[in-house]
């Protein structure tokens, strides 16, 4: 009986230490979930009532339509999911926070005015029509929200696998994820402000 009690106490102490050392706080979780929901809802309001012509309008032949922008966002939801899945299933490395950049670096970078070049694997195909792109994006984003709202992973101790000296932790990946939508919201509004953008029927 005494051994059982000692084992139980040891387990409880270990659990308490583990909780005390967790870097990703409940405030971090709320901040992340709130922004994932906010950007989902904002893009929904921005595009859900577009006509088919508006969805597929191009400012010029080399520019994406709103449909392609939203498809691009959905493709990145898949990419973020894979990155977060790998990061959270790997051994935590909280010591890497000593060399990682601050959160503000990633928030500022994703929202800078300088154009970013999309890698080939995230470029839209254009095969998905109109509002189906929003359905594609929303389904994936809702999966992210459900996971983030319940995960026990310490997102500030889980890091991506890259060869850089300043690797991102998963909380910083989330900043990229919701910030990426904010960035492309500017693009969508620019498309809608074009003088040749079709008027609603």
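We did not get these values from a lab; they are worked out from the coordinates using the rules stated. Since the structure is predicted, the reported quantities are computational estimates derived from the model, not experimental observations. Counting neighbours? That spans all protein chains shown, and the Cβs are built from the backbone with ideal geometry, glycine included.
Numerical summary
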quantity: Options (1) -0.35, -0.42, -0.67; (2) -0.24, -0.31, -0.56; (3) -0.31, -0.39, -0.67 - which one matches log10 I(q)/I(0) by the Debye sum over Cα atoms at q = 0.08, 0.09, 0.12 Å⁻¹ as calculated here; calculated: (1)
quantity: Mean Cα-pair separation over length for region 24-192, i.e. relative contact order, pairs under 8 Å, 6 or more apart, %; calculated: 41 percent
quantity: Highest-MSF residue in the chain out of 143, 54, 21 [GNM, Cα springs under 10 Å]; calculated: 21
quantity: Computed helical MRE - 222 nm, the chain, DSSP H runs ≥ 4 contributing -39500 (n - 2.57), nearest 500; calculated: -20000 deg cm²/dmol
quantity: Most fluctuating residue given options 118, 100, 157, as computed from a GNM of the chain linking Cα atoms under 10 Å; calculated: 118
quantity: Share of pairwise Cα separations in region 69-143, more than 18 Å, in percent; calculated: 58 percent
quantity: Most mobile listed residue (116, 184, 72) in the chain, GNM with C-alpha springs under 10 Å; calculated: 116
quantity: Residue 113 paired with residue 95, simple spin-label distance in nm, labels 7 Å along Cα-to-beta-carbon; calculated: 4.3 nm
quantity: Whole-angstrom Cα spans of region 116-201 along principal axes, big to small; calculated: 50, 30, 22
quantity: Viscosity 1.306 mPa s, temperature 10 °C, Stokes-Einstein D of region 22-65 from Kirkwood C-alpha radius, µm²/s; calculated: 121 µm²/s
